[in-house]
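Heads up, the thing below is written out as structure tokens.
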Amino acid sequence: MAHHLSAKKRIRQNESKRVNNKYYARTARSAVKKLRGTTDKEAATEQYSEVISMLDKLAKNNVIHKNKASNLKSKLAKHVNGL
């Protein structure tokens, strides 16, 4: 167990950030699944911009790796353009 106040504070901060990151990553994964399941072109294009925005924000904050975000965006673009 940590003894210094700063170490205890860091533990608290890490826990709250972990929970937040988990929530945002889970939300993005759900949005990606929802977009992949969409068969309507117009609805997919609307969802696509929102999902891309989500992925970019997660990559910027290092919740997911930037290359993972790029790969997901590429695959989703192929899906939307193929509808």
Name the residue that is farthest from residue 63 (Cα to Cα), counting only residues in region 1-24 that are in a helix (DSSP H, G or I) and of a type in the set (A, V, I, L, M, F, W, C). 5
What residue, of 16, 53, is closer than 15 Å to residue 68 by Cα, loosely packed, with under 14 Cβ neighbours inside 10 Å and either touching a residue at least 12 places away in the same chain (Cβ under 8 Å) or among the hydroxyl-bearing types (Ser, Thr, Tyr) (or both)? 53
Restricting attention to region 22-29, does a residue exist that is among the aromatic types (Phe, Trp, Tyr) and in contact (Cβ under 8 Å) with a residue 12 or more places away in the chain? yes
Among the residues that make up region 37-51, is at least one of them assigned to a helix (DSSP H, G or I) and among the β-branched types (Val, Ile, Thr)? yes
Suppose we filter 8, 34, 41 for residues that are farther than 30 Å from residue 83 by Cα and surrounded by 11 or more Cβ atoms within 10 Å (Cβ to Cβ); which single one remains? 8
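The rows are residues; the columns are (1) more than 28 Å from residue 20 (Cβ to Cβ); (2) modelled with pLDDT of 95 or more; (3) not charged (D, E, K, R).
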| residue | (1), (2), (3) |
| --- | --- |
| 33 | no, yes, no |
| 38 | no, no, yes |
| 41 | yes, no, no |
| 48 | no, yes, yes |
| 54 | no, yes, yes |
| 57 | no, yes, no |
| 67 | no, yes, yes |
| 73 | no, yes, no |
| 76 | no, yes, yes |
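The values are calculated or read from the model by the stated rules, or taken from the named source; none is laboratory data. Given the structure is predicted, the values throughout are model-derived calculations rather than measurements. Note that we place each Cβ from the backbone using ideal geometry, even for glycine, and neighbour counts take in every protein chain shown.
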